[in-house]
Amino acid sequence: MLSADSGVPSQRSVPAHSERARLLSLSVVLLWGVAWIVGLMRSGLGEPDEGRYAEVAREMLASGDWITPRLDGFLFFDKPPLHYWGTAAAYALLGTEPWVARLWGALAGLLAIAAVAWAGWRVWGRATGLYAAAILGSSMLFAVSAHVGTLDLGVAAFLALGMACFVVAQFDPASSSRRTAINLGMWAALALAVLSK
């Protein structure tokens, strides 16, 4: 549209309803994020798994031995160490509180949501990516699992990231110049899944 005075295209203002929709979307995302983190704050660790994995990470941090997992002083090679490393690092930064023992799973859940959003956005468009992220993030089993200090969300998140890299590398034409790097990302994510469980 040209302005009457200069013949220069006029700047179109953003409609008020569009600005309100953006503000509402941002508010929903912020509230959801706060609820996601607050969900970690319940007291005590569940038995047997949450307590067991939290103790292995605590002993790893206390002993300084990040190679050999131990439970009550005994060697504990039942599971790969990535969850223990992540939890022990969180303990080192934030202290040995029950919510910190659950932080690795919650962050892994956020990684899975971001991976699904990214792949959906790149291959099928922005709306698909956002809907996919919203559906995954609001799925009851997924959300509850992300707030329990077990190894399940770690493996799920890295598998989701690996699949997202595969989908983008194979089906996003705009990614053809970076296909090798994205495929390497897929293999790295799958390796981290193996280290998770």
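Residue by residue through the range 86-102, what is 3J(HN,Hα) from phi via Karplus (6.51 cos²θ - 1.76 cosθ + 1.60, θ = phi - 60°)? Round to whole Hz and write x for glycine and proline.
Calculated HN-Hα couplings, in order: x, 5, 5, 5, 5, 4, 4, 7, 10, x, 9, 9, x, 5, 5, 5, 8 Hz.
Would you please put 161-170, 101-110, 143-152 in order of how densely packed they are, using the mean number of other Cβ atoms within 10 angstrom per residue and starting with the highest?
101-110, 161-170, 143-152
Would you grab the residues whose amide H sits under 5 Å from the one on residue 70? Only those 5+ places off in sequence or on another chain, please, with H modelled 1.01 Å from N.
Amide H to amide H, under 5 Å and 5 or more residues apart or across chains, residue 70 pairs with 60, 76.
Let me know the Rg and Dmax you get for the range 153-197 when you use only its Cα atoms, in Å.
10.7, 34
Determine the sum of side-chain charges near residue 99: Lys and Arg each +1, Asp and Glu each -1, restricted to other residues whose C-beta is under 15 angstrom from that of residue 99.
Every neighbour counted, the sum reads +1.
Please turn the phi angles of the range 130-146 into ³J(HN,Hα) values with the Karplus equation 6.51 cos²θ - 1.76 cosθ + 1.60 (θ = phi - 60°), one per residue in order, whole Hz, x for glycine and proline.
For the range 130-146, the Karplus-derived couplings read 5, 5, 4, 5, 5, 5, 5, x, 9, 6, 4, 4, 5, 5, 5, 4, 6 Hz, x marking Gly and Pro.
At 1.4 Å probe size, with every protein chain present, just tell me what the per residue accessible area of the chain comes to in Å².
Per-residue value: 59 Å².
How tilted is helix 152-171 with respect to the longest principal axis of the chain? Cα atoms for both, answer in degrees (0 to 90, nearest 10).
Roughly 40 degrees, rounded to the nearest 10.
In whole percent, how big is the carbon plus sulfur part of the accessible area of the chain, probe 1.4 Å, protein atoms only?
After summing per-atom areas, the C and S share lands at 69 percent.
How charged is the neighbourhood of residue 145? Take every other residue with its Cβ under 13 Å from the Cβ of residue 145, and add Lys/Arg as +1 and Asp/Glu as -1.
-1
With only alpha-carbon atoms in the gyration tensor, what are the semi-axes of the equivalent ellipsoid for the range 43-107, in Å, largest first?
17, 13, 11
Kirkwood Rh, the range 12-78, all Cα pairs: how many Å?
By the Kirkwood definition, the hydrodynamic radius is 15.8 Å.
Compute the FRET efficiency between residue 28 and residue 124 as 1/(1 + (r/R0)^6), taking r as their Cβ-Cβ distance and R0 = 22 Å, and round to the nearest 0.05.
Between residue 28 and residue 124 the formula returns 0.50.
The values are calculated or read from the model by the stated rules, or taken from the named source; none is laboratory data. Just so you know, these numbers come straight off a predicted model, no measurement behind them. Methodologically, a virtual Cβ is constructed for each residue, glycine included, from the backbone with ideal geometry; neighbour enumeration extends over all protein chains shown. Heads up: the accessible areas ignore ligands, DNA and RNA and are worked out on the full protein's heavy atoms, side chains in. Shrake-Rupley method; radii C 1.70, N 1.55, O 1.52, S 1.80 Å.
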